[in-house]
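In what follows, a structure is listed as structure tokens, so that the remarks can point back to it.
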Amino acid sequence: MKNITRVLCMVALLFPLGLFAQKEIIIEPATLTMEVGQSKQLNAYVMENGKKLDEDVNIVSRARRALSIDSTKMAYAIAPGVHNIIAIAAGVRKDFTITVNYPALAEIKIEEIPEKIYAGTPIELKVKVIDKSGAVRDNVDVTFETKSATIANVDAFGMVNTMVPGKATITAKAEGISNTITVNVVKNPIVSIQLDAEGNEARTGDVFHFKAKALDKNGNEITDAPIYFSFNGKSDNVSQSASGLIKQDGRFVADEAGRYVITASCGVASASKTVKITAREVARKIELVGHGSVSDKHTSDFWVWEGVDGRDYAVTGTWGADGTAYFWDVTDPASIFKIDSVQVDARTVNDVKISEDGKICVISREGASNRKNGLVIIDVTNPRDVEILSTFDENMTGGVHNVFIDKGYVYALSGGQKYYAINIKDPRKPFAVSKFELDTPGHAIHDVWVEDGIAYSSNWGDGIQLVDVGNGIAGGSPENPKQFASYAYPNKANHAAFPFRSPSTGKFYVIGGDEIFPYGLNMEGPNMAGGYLHVIDFTDLDNPEEIARFEIPYAGSHNFWIEGETLYVAFYNGGVRVVDLSGELMGDLRKQGREIAWIIPNDPKGYVPNAPFTWGAQVHKGHVFYSDWNSGLWSAKVEPEKPKATKIQSK
């Protein structure tokens, strides 16, 4: 029987009352409603057959960014909503909720109102609702009305349609507050639109840049004209609709091969251009090469490197087990075999990294028996006989989930809230030199990756943080980290981040990955994950733009790697996906046919048989290596790239 202790603990967590009917957790107060900014002391104890027991009860918020609960059971209301809370004691669990009221509204702002609007052109009102806590609210119904409908009317969504010159008043209302503005509609001088494109042919996924000008009767440009871009098209596939994405600055990308008509309009004036789109055709074969099996426990992260002897090696961690890390010879990717291992005081060795010179390995520890989690620093000069040099556990009691090595420093997460920079230039005497931590309510962190002196941390709801740790862009160093850019996307699930400077365009992207388990995590059976990759354009550091995505239906992203202009991403139950990142990126990359290849590891002898759950991918000397939670370490080979197909052609 596998790990009976773990199974019993999971039963206690998953089945609150049915198996332990005699015990009950009592929460006081039984119901609780709070205001934003308020704190409230909770009391919790266990009753059994009418008797109060002297047993510890732990209370955990499942929405700690909105409502946090500390070790003294003090609840802090951070954001409104109905928040799920769990109370756990030995053999019993209680789920309950705490309600945090929404503050009353303070004002409705209508922003960026133009000084004049040309008759016959529409504008969309930019409305922002702010409550008394200062928070911007997106869950409030705003209604609109106008008393000057012959001049301009407004629909239920704040779109203003103008008819004739004059002044019109428009009022926005919500929950007893309102804001009234006046718009100035003037005579429309626009008689034509000039539309230019950089070509008329491209592949799916290639980005066009259309330029449009509004002209008056004398051919003069009206620079403040609100030009609207749109498209329609006909797919070459009769069973598929033409689809794509157009931005209001004139960028356009098509998903399907076919013909597309792009239109620029301003009132009654418009102009159109037709473009021909061919299939991207980047698909290649991928073949399984080798497998290093781990069938008695879950496998976590891995790293492949060239050793000082010129041979190739890998290290893999283990998850929820006995603190083992394995070392492998992968010189022949078709014959992967274990050569050594270490076992440390931990349940999980979640992350493993190798120094640039191939001499030092750092592994992370979580679930130590004495709660002294942290790092283990290992000499891997001889991977067949590795030696533990030192450990570092100062301020690491909450567990180290991820690490990264760069130029003699380890960047190590601590307690899921911050990361420390630790000097390991003398690997026998590591010491911390700095830490980076956000100050936002309920902040958390999952990962950190360092490249060219910039640390890219993944901070869940706070998104991707770019920190100078030696690049010089913000005057930072490992001893003095300086944050200089960030981007948070709406689903608040940022789990990983990887920088990508496009060789073909010069653009600077950061790819952020989600980690979502919509169906929970089954430690002894198959799983399905959710989430996708978000492509953020950081070329303008002050104005990052989420511009593209890559998503696999019914699977979820985890760790990934970029080599040249190719992305290798583990999608848990969706295996490894190989993706073309060439050219400018915009829109839905999978729909555009940018997926080059995919491979799913199935192992009938795995820890959970035939249940692929791929953790990460790395390219090394032309082979794709990847680890799988249920089956160990794998290698594959993608066939050589085919000649490029049709590119954008100039006029």
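Can you give me the Cα centroid spacing of segment 506-534 and segment 41-68 in angstrom? When both Cα centres are located, 31 Å separates them. Shown here for segment 45-147: GluC sites (Glu not before Pro) in loop regions (DSSP other than H, G, I, E, B) with at most 10 other Cβ atoms within 10 Å, namely Glu112, Glu115. List the lysines whose Cα lies under 22 Å from the Cα of Lys338, skipping any in the same chain that are fewer than 8 positions away. Counting by Cα, and skipping residues close in sequence, Lys338 has these lysines nearby: Lys297, Lys353, Lys359, Lys605, Lys621, Lys637. With θ taken as phi - 60° and the Karplus curve 6.51 cos²θ - 1.76 cosθ + 1.60 applied, the whole-hertz 3J(HN,Hα) list for segment 338-351 is 6, 10, 6, 7, 10, 10, 10, 6, 6, 8, 10, 9, 6, 10 Hz, x standing for glycine and proline. With a ≥ b ≥ c taken as the square roots of the eigenvalues of the C-alpha gyration tensor of segment 286-638, please select rounded if a/c is under 1.5 and otherwise prolate if a/b is larger than b/c or oblate if it is not? Judged from the Cα gyration tensor, segment 286-638 comes out rounded (a/c under 1.5).
Electrostatic bookkeeping for Lys338 treats Lys and Arg as +1 and Asp and Glu as -1; over the other residues with beta carbon under 12 Å from its beta carbon, the sum is -1. Below 14 angstrom from the Cβ of Thr146, what's the summed charge of the other residues (Lys, Arg +1; Asp, Glu -1)? So the environment of Thr146 carries a net charge of +1. Size of the chain from its Cα atoms: along the principal axes, largest to smallest, the extents are 82, 70, 52 Å.
Note on segment 455-491 and segment 360-399: Cα centroid distance 25 Å, given to the nearest whole angstrom.
Sort Val344, Val238, Val253, Val433 so the one with the fewest other Cβ atoms within 10 Å of its own Cβ comes first. Present the calculation step by step, with values, prior to reporting the outcome.
On the way: Val344 20, Val238 6, Val253 26, Val433 15.
Listing Val344, Val238, Val253, Val433 from fewest to most nearby Cβ atoms yields Val238, Val433, Val344, Val253.
Neighbour counts of other Cβ atoms within 10 Å put Phe613, Phe392, Phe157 in the fewest-to-most order Phe157, Phe392, Phe613.
Report summary: the helix-based calculation at 222 nm, which adds -39500 (n - 2.57) for every DSSP H run with n ≥ 4 and divides by the residues of the chain, gives -500 deg cm²/dmol.
Of all beta bridges that DSSP places with both ends in the chain, some 95 percent have antiparallel geometry.
What whole-number volume per residue, in cubic angstrom, does the convex hull of the C-alpha atoms of segment 237-305 give? Don't skip to the answer; put the middle values down first.
Numbers: hull volume 17.5 nm³, N = 69.
Given the Cα convex hull of segment 237-305, per-residue volume reads 254 Å³.
May I ask you to give the average projected area over all directions of the convex hull of the Cα atoms of segment 114-214, in nm² rounded to one decimal? Walk me through the numbers on the way to the answer.
On the way: hull surface 39.4 nm².
Answer in nm², one decimal: 9.8.
Relative to the first principal axis of the alpha-carbon coordinates of the chain, what is the inclination of helix 4-14, with its axis defined by its Cα atoms, in degrees from 0 to 90 and to the nearest 10? The answer is roughly 30 degrees.
Note on segment 192-278: antiparallel DSSP beta bridges, both residues inside, total approximately 90 percent of the bridges counted. Computed 3J(HN,Hα) for segment 443-458, one whole-Hz value per residue from the Karplus formula 6.51 cos²θ - 1.76 cosθ + 1.60 where θ = phi - 60°, is 5, 8, 9, 10, 8, 9, 9, 10, 8, 6, x, 10, 8, 10, 9, 10, glycine and proline marked x.
Ordering Arg590, Arg577 from the fewest to the most neighbouring beta carbons within 10 Å gives Arg590, Arg577.
Excluding same-chain neighbours fewer than eight residues apart, the lysines reachable from Lys126 by a Cα-Cα span under 21 Å are Lys109, Lys116, Lys147, Lys167, Lys173, Lys247.
Once you reduce segment 596-645 and segment 536-583 to the center of their Cα atoms, the two points are 16 Å from each other.
Couplings 3J(HN,Hα) of segment 319-336, computed from phi: 10, x, 9, 10, x, 9, 10, 9, 10, 10, 9, 10, 4, 9, x, 7, 9, 8 Hz, in residue order, whole Hz [Karplus 6.51 cos²θ - 1.76 cosθ + 1.60, θ = phi - 60°; x for Gly and Pro]. Between the amide H of Ser235 and those of Ala242, distances stay under 5 Å, these residues lying 5 or more places away or on another chain, with hydrogens modeled in the peptide plane.
How fast does segment 409-465 diffuse by Stokes-Einstein, in µm²/s, taking the Kirkwood radius from C-alpha pairs at 25 °C and 0.890 mPa s? Kindly include the intermediate steps, with their values, before the conclusion.
Details: Rh = 11.9 Å.
My calculation gives 207 µm²/s for D.
Annotation note: trypsin sites (Lys or Arg not before Pro) in segment 274-344 located in DSSP loop regions with a Cβ neighbour count of at most 16 within 10 Å are Arg284, Lys285, Arg311. Could you pull out every residue, at least 5 positions away or on a different chain, whose amide H is within less than 5 Å of the one on Tyr409? Hs are placed 1.01 Å off N in the peptide plane, and Pro or chain starts have none. Answer set, sorted by chain and number: Ile424. Considering only DSSP beta bridges where both residues belong to segment 105-186, give the percentage that are antiparallel (nearest 5). So the antiparallel bridges in segment 105-186 amount to around 95 percent.
Readers should treat all values here as calculations from the given coordinates under stated rules, not as data from a laboratory. Only a predicted model underlies this, so the values are computations on that prediction, with no experimental measurement involved. Heads up, the Cβs are rebuilt from the backbone with ideal geometry, glycines too, and the neighbour counts pull from every protein chain shown.
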